[in-house]
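Please read the structure below before turning to the comments.
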Amino acid sequence: MLKKTYPYYLANQPQQPNTDLEVLDKYTGKVATRVAVPDAKATEKAIVAAVKATKPMRDFKPWARQAVLQHCARRFAERRDELAEALCIEAGKPIKDSAGEVTRLIETFQIAAEESVRTNGKTLNLELASRLDGYHGYTRRVPLGPVSLISPFNFPLNLVAHKVAPAIGAGCPFVLKPSEKTPIGALIIGEVLAETDLPKGAFSILTLDGKHADPLVEDERFKLLSFTGGQIGWDLKARAGHKKVTLELGGNAACIVDADQGPKLDYVVERLVFGAFYQSGQSCIGVQRIYVHDAIYDTLKKKLVTAVKKLKAGDPKLKETFLGPMIDVAAAERLHGWIEEARKTGGKLLCGGKRNGNMLDATLMENVPADAKANRMEAFGPFALLARFSKFDDAIAMVNDSDFGLQAGIFTDSLEHAMRAWNELEQGGVVVNDIPSFRVDNMPYGGVKLSGLGREGVRYAIEDMTELRLMVMRER
C-alpha cells in the first residue's frame with residue numbers, strides 16, 4: 001500500500017510543509033495518497049542549491065557517481081514490489097507491466113553506472129602541416145552544471161530514470177519535475193537518492209504543476225533542459241534562452257507488414273497487439289498506423305481483430321488484466337471523440353470504440369481518412385488503424401505522410417526493403433521485424449519533425465549533459 005503522505009525533496013532533503021496534491025488511483029478514481037507541494041521560495045532554493053552543488057558534483061569522482069548509481073539499482077531491486085504497486089495505482093498500469101517497468105528502472109541505473117566511468121576524452125593529431133610540428137590536442141568531457149528535468153506521466157519510473165541517472169553519471173546537479181499526475185515513483189527514487197553521499201544540493205524533486213514550473217524552463221542558471229511530453233515542448237524551447245534543450249515529444253508510430261509475412265502472421269499479430277495496446281496505448285512509440293500488403297491484408301485483419309477482442313480489460317491490480325484505464329477521463333474523451341469523428345467521415349470500426357469513464361475499449365479501425373485526427377495526430381491511447389498498400393514505395397510514402405517521426409517498424413524478410421526503410425523513412429529509428437515500440441535503454445532514442453530534438457538513451461544523455469574541453473600542448 002502507498003504511504004498516506006509523501007514529501008518533495010529540496011537539496012537532498014525531504015520536505016513536508018503541506019499535503020496539497022491529491023494523487024488518484026487511476027482505476028477507482030479515489031484519492032490514493034497526498035503529496036507535499038513546494039512554493040516559489042522552495043523552487044528558488046532548489047535552484048540556488050543546484051548552483052552551489054556545481055563544483056562539488058564536478059569534483060565527485062566517476063567511481064563515486066558509479067557507487068551512487070549502483071546503490072540505487074540495488075535498492076530499487078529490494079523495493080521492487082513497492083515500486084510496482086505504486087506505479088499500478090498512480091498510473092493505472094497493469095501490475096505485470098508495472099513490474100516490467102521496475103525492471104527497466106533498475107537496468108537504466110545499471111547502464112548509467114557503467115557509463116559513468118566511460119566519459120573518456122580523445123587524443124587529436126594536430127600535426128597536419130610542418131608549421132604544426134610539436135602540437136598535440138586532447139579533449140575531455142566535463143559536466144555542464146545544473147540541469148532541469150521534466151518528465152511525463154506514462155512511464156513515471158523509467159522516463160525519470162532516463163533523466164536522473166545520466167545527470168548523476170555526468171556529474172550534474174539537477175532539479176526534477178515529475179508529472180503531478182504520477183509523482184510517487186519519482187519521490188521513491190528521491191528517497192533512495194537521499195540515502196547516498198551525493199553532495200548537498202545535488203538533487204531536488206519538486207512536485208510542481210505546469211503553471212508553476214516556469215523557472216525550470218526559463219532560469220538561465222540551468223545549463224540544459226530535458227523535457228519529455230507533448231507539443232508544448234516547442235514552446236518551452238522558445239522560452240529556454242541560451243541553455244541546451246532536448247525534447248522527446250511523441251509520435252503516431254507506423255508499422256509496415258510486407259507481403260512475405262504470410263507464414264509469420266501469428267507472430268506479427270502478437271507483436272502488433274502488444275505495441276498498440278500495451279499500457280492502454282499510452283506510449284510515444286505505441287503502434288498507431290498499420291500498413292499491410294494487399295496479399296495478406298484480409299488474413300491479418302481477421303487475426304488481429306480476433307486477438308484484440310480477447311484482451312482482458314479492467315482492474316490493473318489483477319494479474320490477468322492487459323488493458324487498464326487511461327490516465328484520466330479527459331484523455332479518454334479526447335480519443336473517443338477522434339474515433340467518432342473518423343467513423344462519421346468514412347472510417348470503419350472493426351472492434352472496440354466504446355468508453356466508460358477513463359476506460360476506453362481496445363479499438364481497431366480501417367478506411368480512416370488521411371486528414372482525420374486519429375490518423376494525423378498522436379492517439380496516445382488504445383487505438384490503431386489498418387490500411388492497405390500494394391507497392392512498397394506506397395508504404396514508405398504513407399509512413400512519411402506524418403508530422404511526426406519518432407520510430408517506425410517493418411516486418412519483412414527482404415534485406416532490400418529493410419535497407420530502403422532505414423534509408424528513406426523519416427524517423428529517428430527503424431525497427432526491423434518488430435514493432436516501433438521496441439526500446440532498449442542503452443540505445444539512442446529520439447525523433448525528427450514534431451517528435452523532438454536530440455537523443456535520449458543513457459550514454460547519449462550523458463554526452464548531452466557534458467561538454468568537450470580542449471587542451472592544446474606544444475612541445476618545446
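The values are calculated or read from the model by the stated rules, or taken from the named source; none is laboratory data. Because the structure is predicted, anything quoted here is derived from the model rather than measured. Heads up, the Cβs are rebuilt from the backbone with ideal geometry, glycines too, and the neighbour counts pull from every protein chain shown. Calculation scope for accessible area: heavy atoms of the full protein, side chains included, ligands and nucleic acids excluded. Shrake-Rupley method; radii C 1.70, N 1.55, O 1.52, S 1.80 Å.
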*Which entry in [x] 74, 67, 39; [y] 70, 52, 48; [z] 93, 74, 58 matches Cα extents along the principal axes in Å derived from the coordinates of this structure?*
[x]
*Cα atoms only, region 330-403: Rg and Dmax in Å?*
12.7, 41
*asked:* Looking at the calculated P(r) for region 68-199, what percent of the C-alpha pair distances fall above 23 Å?
replied: 40
*Each residue of region 294-307 in order: what ³J(HN,Hα) in whole Hz does its phi give by Karplus 6.51 cos²θ - 1.76 cosθ + 1.60, θ = phi - 60°, with x for Gly and Pro?*
3, 5, 10, 4, 5, 5, 5, 4, 4, 5, 5, 4, 4, 5
_Nearest 500 deg cm²/dmol is fine: what mean residue ellipticity at 222 nm does the chain get from its DSSP H runs of n ≥ 4 alone, each adding -39,500 (n - 2.57), divided by its residue count?_
-11500 deg cm²/dmol
*asked:* Can you compute the FRET efficiency between Asp394 and Asp197 using 1/(1 + (r/R0)^6), with r the Cβ-Cβ distance and R0 = 56 Å? Round to the nearest 0.05.
replied: 0.45
_Computed Kirkwood radius, in angstrom, where 1/r is averaged over Cα pairs of region 295-347_ = 13.5
*Cut-off under 5 Å, modelled amide H: who pairs with Leu10 long-range*: Gln15, Ile205
*Fraction of alpha-carbon pairs over 13 Å apart in region 93-148 - percent*: 76
_Extension reserve of the Leu132-Asn367 stretch, reckoned as 0.36 nm per residue once the Cα distance is removed_ = 78.0 nm
*Quick one: if you take sqrt(5λ) for each eigenvalue of the C-alpha gyration tensor of region 276-381, what semi-axes come out, biggest first, whole angstrom?*
22, 18, 12
_P(r) tail fraction, region 297-438 - alpha-carbon pairs more than 24 Å apart, %_ = 38
*With a 1.4 Å probe and every protein chain kept in, tell me what percent of the accessible surface of the chain is carbon plus sulfur.*
52
*Only bridges with both residues in the chain count here: give the DSSP antiparallel percent, nearest 5.*
45
_Label-point gap, in nm, between Lys264 and Trp422 - each point 7 angstrom along Cα→Cβ_ = 1.5
*Simple spin-label estimate for Asp59 and Lys309 in nanometres, 7 Å along Cα-Cβ*: 6.9
*Pop the C-beta distance of Thr299 and Asp20 into the FRET formula with R0 = 51 Å and round what comes out to the nearest 0.05.*
0.40
*asked:* Taking the solvent-accessible surface of protein heavy atoms with a 1.4 Å probe, what is the per residue accessible area of region 57-180 in Å²?
replied: 37
*Cα pair distances of region 192-231 binned at 5 Å [whole percent]*: 5, 15, 23, 24, 18, 12, 3, 0
*Quick one: plug the Kirkwood hydrodynamic radius of region 196-320 (C-alpha pairs) into Stokes-Einstein at 10 °C, 1.306 mPa s, and report D in µm²/s.*
86
*asked:* With the alpha-carbon atoms as the only input, what is the per residue convex hull volume for region 1-106 in Å³?
replied: 112
*Percent RCO, i.e. relative contact order, over the chain, from Cα pairs under 8 Å lying at least 6 residues apart*: 18
*Whole-Å semi-axes of region 139-212's equivalent ellipsoid (Cα gyration tensor)*: 21, 13, 12
*Pairwise centroid distance, computed over Cα atoms, of region 149-227 with region 57-106, Å*: 14
*Per the Kirkwood definition applied to all pairs of different Cα atoms, how many angstroms is the hydrodynamic radius of region 380-476?*
15.8
*asked:* I'd like to check one number: the per residue accessible area of region 227-381, probe 1.4 Å, reported in Å² as a whole number.
replied: 40
*What is the gain in length, in nm to one decimal, between Arg376 and Arg140 on full extension, counting 0.36 nm per residue of separation less the C-alpha to C-alpha distance?*
80.6 nm
*asked:* What FRET efficiency comes out for Ser414 versus Lys344 if R0 is 45 angstrom and r is the Cβ-Cβ distance? Round to the nearest 0.05.
replied: 0.75
*Extending each Cα 7 Å along its Cβ direction at Asp235 and Asp209, get the distance between those two points in nm, one decimal.*
1.5
*Cα lying deepest toward the dipole's positive end in region 310-366, options Leu360, Ala342, Gly314, charges on Cβ*: Gly314
_With at most 14 other Cβ atoms within 10 Å, longest stretch of the chain clear of loop GluC sites (Glu not before Pro) (DSSP)_ = 321-474
